[in-house]
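Remarks on the structure that follows.
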Amino acid sequence: MLYKELALLYEKLEKTTKRLEKTLVLSRFFSKIKEDQDLKQAVLLAQGTVFPPWDSRELGIASKLVVKAISRATGLSSESIEKHWAEQGDLGLVAEIAVKHRKQQSLFAKQLTVDKVFKNLQKAAMLEGQGTVDQKIALVAELINCSTPLEARYIVRTVIGALRVGIAEGMVRDALTWAFLPKPLLVFGFCNNCGLVPGQKTCPLCNAPLSFTAPSNSEGFEIVDCSSKQVNTCLELLKQLKNASNVVVKTSSYEAARQLYNNITALVEEGFSLVNDYSQIAVILKNQGLKGLEGLSLQPGRPFRVMLAQKVESLEEGFKAVGKPAAIEYKYDGFRMQIHKQGDKIVIYTRRLENVTKQFPDVVSAVKESVKVENCILDGECVGVDPVTKKFVPFQNISQRIKRKYNIKEMVEKLPVELHLFDIVFLGSETIVKKPFKERRKLLESVIQESKHVKLATQLITDDLDKARAFYNQALNAGNEGVMLKALNMPYKPGSRVGFMVKLKPTAETFDLAIVGAEWGEGKRAHWLSSFVLACKDEISGEFLTIGKVGTGIKEKSEAGEGLSFEQLTELLKPHIVEEKGRSVTIKPSIVVEVTFQEIQRSPSYSSGFALRFPRVLRLRLDKSVEEVTTLNEVSQAFERQGKKPS
Ligand code: AMP
């Protein structure tokens, strides 16, 4: 497949901000790809990367090197490229112009293929160590040298990790579902100009009215009539279809069609949560349809997305959400660890899927000692303990251990940790996420021999509110953040924030927000970023929406182990700067901070429509990915709640 086709796709995506339209464009693009290899590469490149999310390797190549690559490929000087970049703010557009006016081009430049771009970018990303800088530049320059101006725009943006075409993960899921799976009529309709499209009234592409009569088979569609069948029976029937991209399903009502559609997307989402790679899912859907998803499983060694909890405000609300009796557990104030054991090989990942095995040799050896089974995947919380008092210490105190690359031994002694395990999702050779929680906990107990550094999460099973309250107080007195309440009969849903596992904390409301902009400081702060622009996430479009600016809660100077400083935050944010205009910088959402505030107000000044009054940074959340920040829906719920409080 030619890279030109992908570049044209990017251009089309960039031209619209409408989610439905983007998804449809993407879905039609995927559905036309014949070769599995092309499909895999295109799905990753469409997301602006060449590695699936479970793979900790990253594409990001420093912008400075890309400037050199553009210079080498076009003959323009680095200085002039930098100058244009400072004016334009987008290195991709600068590359496009540079290629348009290039002084040199190889006589033998061939048309770029997706495969060539993919492989060069993978190679460049994998080069490490001294003397590889020049090779990296050469690999990128080779691509720019063969590219058209439009191709250069997107190659450069991909390389620096700022594709800017607005594709959220959920869009890729929907696009693949629409491309390869059966489409229930009424959720999808026919447009005279654009064919089968999602929509209830008008076409999302051309606005023409939609019709909902089933087409005849001669129009190239296969009709499956489920109008007299239950949704689940229909779903089972659809699972038998291998090639279902042209299947249209008739149901008895809009509600039935919607339910069927939701069940289909839920199966795709579930499959993704297990393998964490839409390029793999794409090939399965294309060749095997829905049935293929049943063959997916967790794999020790490959990180998965952990299950997340919803928030409740009281124990009563907690019981209401998860049912009685429920398991109540300490909510440890540490960070999530998923432990993968394959024989003697132990690998530890954070909830952001970062491999932190090297940073935690103490946990590795403790797991070897305590876990009495060959293969398993465990879920738990790593908590700091004070070496003298043996009491839990707040997460902030041990957070440095996550990123630490040197003097690990010293860190292990200075900041000791304990692992508190609360779930098991893979055992022996089997994915056991479908088993009810109480059974998983039994299995967990059977494989763990508690030791000094590996423990089972402290748990009480009760239906009694008073006992629950006593346990909650006991949890707080022991230095925990609060408690978790868990339904006993529910499965483990990787990647989902579920209502059958809830968290209860006594603290005031906090939001986890992404930093999307900042300003360079003045005077003695001139080298530091200050006044950080915060953003929540629109759960539907996946876009980051601003909600305020914050400068308080951050210290002037880094003091050993204590608090977050401007210096530290600047260092963390610098590599993610995508645009600079005067003192203002735009930052690719990558860093998450936990923020408290006095009040939420409606505000036209920020794109979320809300503003935080007196925000204050509580702490850096390196353990959280930007995908996990507070959603717009959560912000508006908190806004509503606040209205209910007596003033
Ligand atoms: P939050 O980070 O505020 O969203 O709270 C949820 C987090 O609490 C989980 O992702 C875990 O990292 C952590 N946690 C601590 N103790 C437990 C527990 N017993 N069960 C589940 N999660 C826990």
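The values are calculated or read from the model by the stated rules, or taken from the named source; none is laboratory data. All figures in this text were calculated on a predicted structure; none of them were measured in a lab. Note that each Cβ is placed from the backbone with ideal geometry, even for glycine, and that neighbours are counted across all protein chains shown. Protein only, heavy atoms only, side chains kept; ligands, DNA and RNA dropped before computing areas. Shrake-Rupley method; radii C 1.70, N 1.55, O 1.52, S 1.80 Å.
Summary of computed values
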item: Residue in region 200-218 that is outside the structural domain of E82 (by TED's automatic domain parsing), among the polar types (S, T, N, Q) and modelled with pLDDT of 95 or more present; result: no
item: Selected residue (criterion: least open to solvent (accessible area, probe 1.4 Å)) from residues of region 1-21 that are of a type in the set (D, E, K, R) and modelled with pLDDT of 95 or more; result: E11
item: Per-region count, region 520-530, residues crowded, with 17+ Cβ neighbours inside 10 Å and within 17 Å of K581 (Cβ to Cβ); result: 4
item: Unique residue being under 30 Å from V356 (Cα atoms) and in a helix (DSSP H, G or I) when the list is V99, V43, V67, V94; result: V43
item: Filter result (open to solvent by 20 Å² or more (accessible area, probe 1.4 Å) and in a loop (DSSP other than H, G, I, E, B)) within region 211-236; result: F212, T213, A214, S216, G220, F221, S227, S228, K229, Q230
item: Hits in region 401-420 (condition: within 16 Å of the ligand (Cβ to nearest atom) and β-branched (V, I, T)); result: I402, V417
item: Subset of region 447-490 (residues that are surrounded by 17 or more Cβ atoms within 10 Å (Cβ to Cβ), away from the ligand (no atom under 11 Å from the Cβ) and in a loop (DSSP other than H, G, I, E, B)); result: H453, G479, L488, M490
item: Residue in region 574-593 that is modelled with pLDDT of 90 or more, more than 30 Å from K83 (Cβ to Cβ) and surrounded by 20 or more Cβ atoms within 10 Å (Cβ to Cβ) present; result: yes
item: Hits in region 278-302 (condition: open to solvent by less than 30 Å² (accessible area, probe 1.4 Å) and of a type in the set (S, T, Y)); result: Y278, S279
item: Hey, G563 touching a residue at least 24 places away in the same chain (Cβ under 8 Å), within 30 Å of K414 (Cα to Cα) and open to solvent by less than 50 Å² (accessible area, probe 1.4 Å) or not; result: yes
item: Any hit, region 381-399, residues being in the same structural domain as V483 (by TED's automatic domain parsing), within 14 Å of the ligand (Cβ to nearest atom) and under 18 Å from R440 (Cβ atoms); result: yes
item: Breaking point among (1) closer than 30 Å to T17 by Cα; (2) touching a helix residue (DSSP H, G or I) at 6+ places or on another chain (Cβ under 8 Å); (3) at pLDDT below 95, for S531; result: (2)
item: Tally, over region 534-564, of residues that are hydrophobic (A, V, I, L, M, F, W, C) and closer than 16 Å to T631 by Cα; result: 7
item: Subset of region 594-614 that is out of contact with any Ser or Thr (no Cβ under 7 Å at 6 or more places or on another chain) and surrounded by 20 or more Cβ atoms within 10 Å (Cβ to Cβ) - its residue that is nearest to S531 (Cα to Cα); result: L612
item: Matching residues, region 598-621, being at pLDDT below 90 and not in a strand (DSSP E or B); result: Q598, F614
item: Flag for V249 being more than 22 Å from V25 (Cβ to Cβ), touching a residue at least 12 places away in the same chain (Cβ under 8 Å) and in a strand (DSSP E or B); result: yes
item: Lone unmet requirement of (1) in contact with a Ser or Thr (Cβ under 8 Å, 6 or more places away or on another chain); (2) over 21 Å from G563 (Cβ atoms) for I402; result: (2)
item: Residue within region 132-152 that is farther than 24 Å from D38 by Cα and assigned to a loop (DSSP other than H, G, I, E, B) present; result: yes
item: Failed item, numbered, when S370 is tested on (1) at pLDDT below 90; (2) among the small types (G, A, S); (3) over 23 Å from E481 (Cα atoms); result: (1)
item: Test: residue in region 303-310 that is surrounded by fewer than 20 Cβ atoms within 10 Å (Cβ to Cβ) and away from the ligand (no atom under 16 Å from the Cβ); result: no
item: Residues (open to solvent by 50 Å² or more (accessible area, probe 1.4 Å) and assigned to a strand (DSSP E or B)) located in region 351-374; result: N355
item: Residue among I348, I328, I377 that is within 16 Å of the ligand (Cβ to nearest atom), surrounded by 21 or more Cβ atoms within 10 Å (Cβ to Cβ) and free of Cβ contacts under 8 Å to residues at least 24 places away in the same chain; result: I348
item: Members of region 421-446 found to be of a type in the set (D, E), within 16 Å of the ligand (Cβ to nearest atom) and surrounded by fewer than 20 Cβ atoms within 10 Å (Cβ to Cβ), listed by number; result: E445
item: Breaking point among (1) in contact (Cβ under 8 Å) with a residue 40 or more places away in the chain; (2) closer than 30 Å to A42 by Cβ; (3) touching a helix residue (DSSP H, G or I) at 6+ places or on another chain (Cβ under 7 Å), for L293; result: (1)
item: Failed criterion for S279 (all others in (1) under 30 Å from T510 (Cβ atoms); (2) in contact with a Lys or Arg (Cβ under 7 Å, 6 or more places away or on another chain) hold); result: (1)
item: Test set (1) in the same structural domain as R497 (by TED's automatic domain parsing); (2) away from the ligand (no atom under 16 Å from the Cβ) - V363 fails condition number; result: (2)
item: Scope region 385-411; condition closer than 23 Å to R305 by Cα and open to solvent by less than 30 Å² (accessible area, probe 1.4 Å); matching residues; result: F395, I398, S399, R401, I402
item: Qualifying residue in region 91-110 (condition: open to solvent by 50 Å² or more (accessible area, probe 1.4 Å) and under 30 Å from E269 (Cβ atoms)); result: no
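One line per residue, one yes/no per condition, for (1) part of a helix (DSSP H, G or I); (2) more than 23 Å from the chain's Cα centre (by Cα); (3) of a type in the set (D, E, K, R):
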residue	(1), (2), (3)
L13	yes, no, no
Q37	yes, yes, no
T49	no, no, no
W54	no, no, no
